[in-house]
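The values are calculated or read from the model by the stated rules, or taken from the named source; none is laboratory data. The structure displayed is predicted, hence computed values, not measured ones. Note that we place each Cβ from the backbone using ideal geometry, even for glycine, and neighbour counts take in every protein chain shown.
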Amino acid sequence: MQPIWLFDLDNTLHNASPHIFPHINRSMTAYLMRHLDLGERDANRLRMEYWKRYGATLTGLMRHHGTDPEHFLHETHQFPDLSRMVVFDTAVRHLLRRLPGRKIIFSNGPQHYADAVLAEMGIRHLFTDVYAVERMRFHPKPKLAGFQHLIRDHRLNPRHCIMVEDSAENLRTAKRLGMRTVWISRSLRQPDFVDCQLTSVLGLARHAISSRTSR
């Protein structure tokens with residue numbers, strides 16, 4: 001049986017660190033300043049605190065402040081010049097075409113943002129679905145509920161899935177469910193819940209993950 005690939009988006013298929021992540025971080029800090037009446041330093045500290053505690057700033061805002069998730073995601077993911085900000089290797093397109101099996105984007109980002117980035121990269125058509133945080137009912141990775149929504153909505157058998165992701169914590173949840181895991185990281189230490197570690201998603205082709213991890 002061919003595998004089902006679950007791809008994270010940011011810092012997995014494209015490099016969000018140079019432009020996109022700094023822009024989102026500034027936008028989130030500004031949002032907290034406006035809506036929680038905080039100074040910049042306190043807003044930035046709270047943003048980071050919630051991200052470290054829950055894996056997503058949004059989760060902390062919903063839990064502790066009753067923040068409307070759709071409003072937050074819309075306000076903090078506006079990109080007037082996205083084409084200049086998306087950094088990626090065009091070889092990703094060739095890689096995705098060669099990988100056998102279904103491919104699904106599984107991203108904590110909002111739907112409009114994920115669709116826009118994939119369109120800029122010219123790879124949206126290579127995925128059967130883009131499963132963004134709204135589809136997870138605002139239970140972002142690494143929360144188990146978000147994974148369960150994906151599995152139910154797509155009727156997936158986790159043991160047929162390979163999750164490719166830059167966040168180790170997200171892969172920990174995937175492994176608990178029985179998925180194979182590929183960690184995109186330059187870390188010198190590989191956790192025991194990671195089946196394969198690569199410095200770049202392009203390494204999937206060289207390591208023939210499709211045959212080795214679907215056994």
Screening Asp10, Asp42 for residues that are over 30 Å from Phe127 (Cβ atoms) and of a type in the set (Asp, Glu) leaves only Asp42
- Message: Taking the criterion of being over 27 Å from Trp5 (Cβ atoms), outside any helix (DSSP H, G or I) and more than 16 Å from the chain's Cα centre (by Cα), would at least one residue in segment 39-58 satisfy it?
- Response: yes
Within segment 17-56, the count of residues that are at pLDDT below 95 and either of a type in the set (Val, Ile, Thr) or within 22 Å of Ala114 (Cβ to Cβ) (or both) comes to 4
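Working carefully through the options Leu150, Leu95, Leu126, find the one that is at pLDDT 95 or above and within 30 Å of Lys52 (Cβ to Cβ).
Leu150
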Looking across segment 117-143 at residues that are in contact with a helix residue (DSSP H, G or I) (Cβ under 6 Å, 6 or more places away or on another chain) and part of a helix (DSSP H, G or I), the single one that is surrounded by the most Cβ atoms within 10 Å (Cβ to Cβ) is Leu118
Check: Does segment 164-178 contain any residue that is of a type in the set (Lys, Arg), touching a Ser or Thr at 6+ places or on another chain (Cβ under 9 Å), at pLDDT 95 or above and farther than 14 Å from Leu6 by Cβ?
Finding: yes
query = Just a yes or no: is a residue in segment 169-183 hydrophobic (A, V, I, L, M, F, W, C), without any contact (Cβ under 8 Å) to a residue 40 or more places away in the chain and touching a Cys at 6+ places or on another chain (Cβ under 6 Å)?
reply = yes
